[in-house]
Amino acid sequence: MSDTLKVGVIGTGMIGRDHIRRLAQVLSGVEVVAVADIDAARAKDAAPLGARVYTDGQALIDAADIEAVVVCSWGPAHETELLACIAAGKPVFCEKPMVTSEAAALRVIAAEAAAGRRLIQIGFMRRFDADYRRLKAVIDGGSLGAPLMYHSVHRNASVPKGLYTSEMPLNDTLVHDADIARFLLSDEIAGVEVRLPRRSTRGKDLRDPTFVLLHMASGALVDVEISVNIAYGYDIRGEVSCEAGVARLPERPATVVRDAHGVRQAVPEDWRERFIDAYDQEFREWIVAAKAGTATGPSAWDGYAATLVADAALRAVESGGLEAVAMRDKPAIYG
Ligand code: NAD
Ligand code: ISE
């Protein structure tokens, strides 16, 4: 493999464009040589100077000069793209959600396990965020005792303009909170309940907000507020209550403005601003591993775990009760 990792990016929507920007302009040791999108105009518009443009992701994956792939298409398209990358033996960074059903997740894991080595990193960027890493270090340090509860707040100002379905608060948004709960508490999710509070009148056809309760295998409980249309900004909060103290994510630094309306600080507009450094870091680590022909960081197994939680949450909306999450035995490649 060359010194400069030659990558192709599939999906040139909001996050595809943002990742192309960081790969082409911010990070070193990597070059975007091709992009693909079913929307040809969008792909052309997003392509860095000199990069080839495809409308077929498979053709990009098959291209001989492409050493690694970044998947930023919609969740339901990810399975096909991941299986094609595994078949081609190419490391792949795949945005969350890895897939949108348990059956698809099992097919991806089986294919990667059969390949005999990790090729997939999932875009759970919170694991690379300095604030979350410090919070985990405090919990792991043990001075506060065992974690008993985790309160997670996940607020979006508005829903994205592209594909958006009624299932997305659970299979697209909740997956971040599920993954970070597993990461922070070093625990697995054993069951899920969902409660639907009074509905916000701001979204015409939107069932928002959503309240989720995750039952961890240890007995710890995790409550998650998901708001996808809360107007004021992108607000991510987290606090862990332990036996002998609590630890929480800090307030983000922002200029304090005092004027005739009072004192205020701006809230990030969306995930691009809040997690800008975390996305850069997840790709730094991905590039190093991809150059070695493998993957580190959040794995397909983590993608599978989050998918199971999303499936259980969707069932819990229907049943109104506690839905179990039962994970299979972990294949050896996931450690
Ligand atoms: P988007 O709608 O803005 O863009 C998706 C793009 O993928 C569109 O241009 C669409 O034409 C293209 N596409 C769809 N299916 C395709 C296929 N089979 N082949 C090629 N192109 C295809 O959506 P987005 O906001 O950029 O989200 C894309 C993915 O990234 C989603 O899975 C989303 O959950 C994830 N995402 C992650 C984060 C994060 O914080 N990690 C943030 C935003 C989005
Ligand atoms: C989006 O797809 C993301 O992944 C963001 O990180 C998340 O906060 C948002 O809710 C999703 O729509």
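Rule-based calculations on the coordinates, nothing more; no lab input. None of the values given here were measured: they were computed from a predicted structure. Neighbour counts run over all protein chains shown; Cβ positions are idealised from the backbone, glycine included.
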Exercise. For the stretch 188-320, just the Cα set please: Rg and Dmax, both in angstrom.
Key: 18.8, 57
Quiz item: For Ala41 and Asp259, what does the FRET efficiency come to when R0 = 30 Å and r is the distance between their Cβ atoms, rounded to the nearest 0.05?
Solution: 0.10
Quiz item: Cα centroids of the stretch 176-218 and the stretch 247-316: how far apart, whole angstrom?
Solution: 16 Å
Quiz item: Which of Leu49, Ala59, Trp74 sits farthest toward the positive end of the charge dipole of the stretch 49-129, with +1 on the Cβ of Lys and Arg and -1 on the Cβ of Asp and Glu?
Solution: Trp74
Quiz item: For the chain, what is the percent of antiparallel DSSP beta bridges, rounded to the nearest 5?
Solution: 55 percent
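Please compute the net charge surrounding Ala146, taking Lys and Arg as +1 and Asp and Glu as -1 over other residues with Cβ under 11 Å from its Cβ.
Spelling it out: positives minus negatives among the neighbours equals -2.
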Quiz prompt | Pair Thr201, Glu285: separation of 7 Å Cα→Cβ label points (nm) | solution = 4.5 nm
Quiz item: Any idea what Rg and Dmax come out to for the stretch 1-117 if you just take the C-alpha atoms, in Å?
Solution: 13.6, 39
Quiz item: What is the gain in length, in nm to one decimal, between Gln25 and Glu273 on full extension, counting 0.36 nm per residue of separation less the C-alpha to C-alpha distance?
Solution: 87.6 nm
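Tell me, what are the semi-axes, in whole angstrom and largest first, of the equivalent ellipsoid of the stretch 70-188 as set by the roots of 5 times the Cα gyration tensor eigenvalues?
28, 20, 12
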Quiz item: Dividing the convex hull volume of the Cα atoms of the chain by its residue count, what figure in Å³ per residue is obtained?
Solution: 155 Å³
Practice problem: Arrange His261, His151, His176 by Cβ neighbour counts within 10 Å, fewest through most, would you? | Solution: His261, His151, His176
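Report the full-extension gain for the segment Asp223 to Ala114: residue separation times 0.36 nm, less the Cα-Cα distance, to one decimal in nm.
Full extension of this stretch gives 35.6 nm more.
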Quiz item: Which of Arg17, Arg264 comes first, and how do the rest follow, when ranked by fewest Cβ neighbours within 10 Å?
Solution: Arg264, Arg17
Exercise. Quickly estimate the mean residue ellipticity at 222 nm for the chain, helices only: each DSSP H run with n ≥ 4 gives -39500 (n - 2.57), and the total goes over all residues, rounded to 500.
Key: -10000 deg cm²/dmol
Quiz prompt | Other-chain or far-sequence residues with amide H under 5 Å of Tyr150's (modelled H) | solution = Leu221, Val222, Asp223, Ser241
